[in-house]
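Here the structure is laid out as structure tokens; the discussion comes afterwards.
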Amino acid sequence: MKPGHVLLAILVPVLWGLGFTLAKAGLDQFPPIFLIMLRFAVTALALVWFFPVPLRLLPRIALIAFIGSAIQYALSYKGLQGIDVSTAALVIQLEVPFAAIIAALFLRERLGWRRVGGMALAFLGIGLIVGEPRVQQNLMPVLLLSGGAATWAIGQVMIRALGPVGGFTLIAWIAVFAAPELFVLSLLFEDDQWHSVMNAGWDAWAIILYLGLVMNGIGYAMWYHLLGRYPVNQVMPFILLVPVTSVIGGVVLLGDTLTPLIVTGGIIVISGIAFITLERLRMAAPRPSEPPR
């Protein structure tokens, strides 16, 4: 990869990881489901005008938006509300082993011993994090984040079953459906939405714009640009920087405290995720005699 593209590949997970940290800060102003609704509303308003309506796929996209975005983010942000962002960023990495398990069950993907070993490491690391006394005192956020991770994995399998759809088309139309779905969930399970809007300062609205435009829009634009120029196995490992960025952001910006148990568990989790990611890329890579697809 060219040096400029390497920097771009590093910047993308930094933008995404920082977005998770800023979302935690935004929860001081907005209810969690309402916050993610605002994020998707900004994304939809910014992108929907520029991409065609996938009429044939709209019912399936609406279902994907509900399961893989509305329910997933409602669970994840509710969990994030009750736990340090640095710990939440590590727990949410269960998305990767859950996705591998669901793909094996429903898409008949072969796991292989390396991916199974990586999954075992990831769950072991989460077990160590849960063993931290301050986490043990309130396990509900961990359960909510784990539920969000599992729901995200289901959504990813549903997306893969759609077949070829433009990345930005999918992002735009998932946001179109997810925003009103999240609004209904917020009305059902939260209060004080109007009060939060009327009392939000410029910093709270800056966070919403960052989540909707920078994290969703610019971040994915750069990501798809890199995927269009380089093989997936060169680009995907940079995703491992997302939890690292979130943990650093939580410590530096929000004053999170990392205990030895959480640090050890986090290193084990990220190591397991690296095993799963790199092994999947190795299995998906074409053999030397095969042309790239």
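The values are calculated or read from the model by the stated rules, or taken from the named source; none is laboratory data. Keep in mind that this is a model prediction, so the values were computed, not measured. Ideal geometry is used to build each Cβ from the backbone, glycine not excepted, and the neighbour counts take in all protein chains shown. Side chains are part of the model used for accessible areas, which takes the heavy atoms of the whole protein and leaves out ligands, DNA and RNA. Shrake-Rupley method; radii C 1.70, N 1.55, O 1.52, S 1.80 Å.
Of note:
- First in the stretch 247-276 and under 10 Å from residue 129 (Cβ atoms) and of a type in the set (A, V, I, L, M), second anywhere and in a helix (DSSP H, G or I) and open to solvent by 20 Å² or more (accessible area, probe 1.4 Å), Cβ under 8 Å, 6 or more apart: 261/128; 262/128; 268/121; 268/124; 268/128; 269/93; 269/121
- Against the conditions (1) more than 15 Å from the chain's Cα centre (by Cα); (2) within 26 Å of residue 177 (Cβ to Cβ); (3) buried (at least 21 other Cβ atoms within 10 Å of the Cβ), residue 88 satisfies every one except (1).
- Boolean, residue 244 is on the phi < 0 side of the Ramachandran plot and surrounded by 17 or more Cβ atoms within 10 Å (Cβ to Cβ): no
- Being farther than 23 Å from residue 106 by Cβ, at pLDDT 85 or above and open to solvent by 20 Å² or more (accessible area, probe 1.4 Å) is a property that does not hold for residue 142.
Each row is one residue, and each column tells you yes or no for (1) assigned to a helix (DSSP H, G or I); (2) within 16 Å of the chain's Cα centre (by Cα).
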residue: 124; (1), (2): yes, no
residue: 138; (1), (2): no, no
residue: 145; (1), (2): yes, yes
residue: 150; (1), (2): yes, yes
residue: 153; (1), (2): yes, yes
residue: 169; (1), (2): yes, no
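- From the list 40, 30, 50, the one residue that fits, being of a type in the set (A, V, I, L, M, F, W, C) and open to solvent by 40 Å² or more (accessible area, probe 1.4 Å), is 50.
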